[in-house]
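Please treat every number below as a calculation from the coordinates, not as lab data. The model shown is predicted, which means the values in this text are computed figures rather than measured ones. No Cβ is skipped: glycine too gets one built from the backbone with ideal geometry, and neighbour counts run over all protein chains shown.
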Amino acid sequence: MSRNSTISLAVVAKLSGVSTSTVSRILNNRSDGFSVRDETRKRVLKVAKDLNYRTDPIARSSRAKHTNLIAVLGMQDFGTAIRGSTEEALNKFMQITYASGYELCMNVISPEQSIYELPRWRVDGAIVVDCSDNNHLKSLDESGVPYVTINGPAGINGSSVSVDDMLGTKEALLHLMALGHKRIAYAIPDQYDWHRSLESRHAAYIRTLKEVNIEPLTPIIPEPEPPIEAVRKMVTEQGATAILVYHHMMAVKIIRALHTLGYHVPRDISLICFNDLFPCEDMVPSLTAMSLPSNQMGVKAAEIILKQLRNPDTAEPQQIILSERLVIRESTAPAPLIES
């Protein structure tokens, strides 16, 4: 049934000069056991477009073997759940899967339900964003629905696309150490939902500094606190000359706190963060950052899920880890002379 109730599948078929079943298969992008001339396909698509005809994916899911729907799971809310690198990855994923005939859907659920729960309607596959623990995905693994995770682990039957936070953290610290910094602190967000990258980046921070006999100023992951209090501890009390910040939005807050307390970036304090996203390039000073390969994550996730949907009997789950890239800007500079 069309979303436009005045236009039916039969009308599109009649004006295209083909059967309703042919129209249905063309519009739903199904080719299994079915072939059609390119000229006929283009004619049907043109008629449907001219009539503003659209298939109803929810109605289709209740009766068809294939739905052409991919569920988006893991959304906490509409404001901040995918703000950052995951948002870019998901947008790229959407572009590629849509071009292949698939649509994304979301299940808006109550706070009592798991955000990793499949919707009540049928879907062909799923993409999971920012999952912190694959134990949350047990029901998804048991469902038999192929899925891929972005920026998080997958369960036993799922695929994942993530970044090498350990290597990225090491590269960021090597950049600071090359500038002569030895008193380096690690700053976490002032508020957050727990994610495994909080631990993996901190673990890499500890390991990298100890490998070169530098004492970490942040030996354990601290409790969240206002940025100005964090700066007082790291800089005023501990004497940090450089700060590695968990993400770009916290880096913005840290710069403001440093300015409030009379510190200059980068003359007094060098700053480097993860996520090369707005407003890193537009800040004064502009932020040195570890850029996550967001678009590449979306591309790889789309390739994996499309392969599984097209070859369900032969496609195996994959685990892909991508490298991060250092973008050097104005917020990092040689350590103050006191350390040289």
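Largest mean-square fluctuation among Val252, Val235, Val18, in a Gaussian network model of the chain whose springs join Cα atoms under 10 Å apart, belongs to Val18. Using +1 at the C-beta of Lys and Arg and -1 at the C-beta of Asp and Glu, which of Ile188, Ser160, Leu209 has the Cα lying farthest in the positive direction of the dipole of segment 147-265? Going by the Cα projections, it comes out as Leu209. Within segment 122-141, find all residues whose amide N lies under 13 Å from a label point positioned 7 Å from the Cα of Asp193 along Cα-to-beta-carbon. Output list for this probe position: 128-133. Here the translational diffusion coefficient of segment 247-326 follows from Stokes-Einstein with Rh set to the Kirkwood radius across Cα pairs; for 37 °C and 0.692 mPa s it amounts to 217 µm²/s.
Distance from a point 7 Å along Cα→Cβ of Asp133 to each backbone N in segment 173-207: keep the residues under 17 Å and list them by number. 192-200, by backbone N distance to the label point.
Give the shape of segment 183-236 as rounded, prolate or oblate, defined through the alpha-carbon gyration tensor: a ≥ b ≥ c are the square roots of its eigenvalues, a/c under 1.5 means rounded, and otherwise the shape is prolate if a/b is larger than b/c and oblate if not.
Details: a/c = 3.40, a/b = 1.22, b/c = 2.78.
Note, shape of segment 183-236 comes out oblate.
On full extension, the segment bounded by Leu45 and Glu225 gains 59.2 nm, given 0.36 nm per residue less the C-alpha separation. Using 0.36 nm per residue and subtracting the Cα-Cα separation, the extra length available between Asn213 and Ser100 on full extension is 35.5 nm.
Please give the charge dipole size of segment 9-55, origin at the Cα centre, charges +1 on K and R Cβ atoms and -1 on D and E Cβ atoms. Round to the nearest 20 debye. Each step should come with its number before you reach the end.
Values: 10 positive and 4 negative charges, 18 e Å.
Using Cβ point charges on Lys, Arg, Asp and Glu, segment 9-55 gives about 80 debye.
Entry for segment 187-340 at q = 0.10, 0.12, 0.16 Å⁻¹: log10 I(q)/I(0) = -0.43, -0.59, -0.93, Debye formula applied to identical alpha-carbon scatterers, no solvent contribution.
Considering every alpha-carbon pair of the chain, the percent of pairs per 10 Å bin, from zero through the bin containing the longest distance, is 5, 22, 25, 19, 14, 9, 5, 1, 0. Dipole magnitude for segment 96-188: computed about the Cα centre from +1 point charges on Lys and Arg Cβ and -1 point charges on Asp and Glu Cβ, it is near 360 debye. Farthest toward the positive end of the dipole of the chain, out of Gly74, Ile304, Ile26, is the Cα of Ile26, where the dipole comes from beta carbon charges about the Cα centre.
Which cross-chain or sequence-distant (5 or more) residues have an amide H under 5 Å from the amide H of His181, H modelled 1.01 Å from N in plane? Hits under the 5 Å cutoff: Ala335.
With a simple spin-label model that places each label point 7 Å from the Cα along the Cα-to-Cβ direction, the separation between Arg54 and Ile321 comes to 4.2 nm. DSSP finds beta bridges in segment 214-340, and of those with both partners inside it, around 30 percent are antiparallel.
Largest mean-square fluctuation among His136, His247, His259, in a Gaussian network model of the chain whose springs join Cα atoms under 10 Å apart, belongs to His259.
Please find, in a Gaussian network model of the chain (springs between Cα atoms separated by less than 10 Å), the residue of Glu87, Glu142, Glu39 whose mean-square fluctuation is greatest. It is Glu39.
So how much slack lies between Phe278 and Ile7, counting 0.36 nm per residue of separation and subtracting their Cα-Cα distance, in nm? It would help to have the intermediate numbers written out before the result.
Details: separation 271, 0.36 × 271 = 97.56 nm, distance 4.41 nm.
Taking Phe278 through Ile7 to full extension adds about 93.2 nm, to one decimal.
Close amide H partners of Asn28, meaning residues 5 or more places away or on another chain with modelled amide H under 5 Å apart, do not exist here. Partners of Lys307 within straight-line reach, counting lysines whose Cα lies under 20 Å from its Cα and excluding those fewer than 8 residues away in the same chain: Lys65, Lys92.
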